[in-house]
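Q: One structure follows; several queries about it will come next.
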Amino acid sequence: MKKQMFCKNCKGIVEVSQRGNILYEILLWIAFTPVGIGYTIWRMSGQKWVCKHCRKNDLLLLTTPAAEEAILRQRKIREELRA
C-alpha cells in the first residue's frame, strides 16, 4: 500500500515518497560507488518524506486534527463548486 499524507502545499491527500530518486541512486552506485554511498546515506538519514507532486515536505499525517480539518474544508469547497 502506498503511503499517503496531507500536503499543505497541494492542499490534498497525496502519495509520498522518500526524498531523492532511486534511479539516481542506482546509477551512482554503478558509476561512482563512493558517491553512491553518500547519496544513499543522505536519502536514508532522517527518513524525510516528500509529496510526489510538488516535491515539498509540508506534510501532515492523515490522522492529525489539522489534516482532518483541512480535508473537511477541501470537501466543503468542492461541494460548493458543484452546486
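The values are calculated or read from the model by the stated rules, or taken from the named source; none is laboratory data. No experiment lies behind these values; they were computed from the predicted model shown. Here the Cβ positions follow ideal geometry from the backbone for every residue, glycine too, while neighbour counts run over all protein chains shown.
Q: If I filter region 35-49 for residues that are in contact (Cβ under 8 Å) with a residue 40 or more places away in the chain, within 19 Å of the chain's Cα centre (by Cα) and not in a helix (DSSP H, G or I), do I get at least one hit?
A: yes
Q: Is it the case, given these coordinates, that A66 is of a type in the set (G, A, S), modelled with pLDDT under 85 and loosely packed, with under 12 Cβ neighbours inside 10 Å?
A: No: the conditions fail for A66.
Q: Kindly indicate whether I37 is loosely packed, with under 12 Cβ neighbours inside 10 Å, more than 24 Å from R73 (Cα to Cα) and of a type in the set (A, V, I, L, M).
A: No: the conditions fail for I37.
Q: What number of residues within region 17-40 are modelled with pLDDT of 85 or more and within 24 Å of M5 (Cα to Cα)?
A: Count: 2.
Q: Then there's this: On the given criteria, is E80 in contact (Cβ under 8 Å) with a residue 12 or more places away in the chain and not polar (S, T, N, Q)?
A: No.
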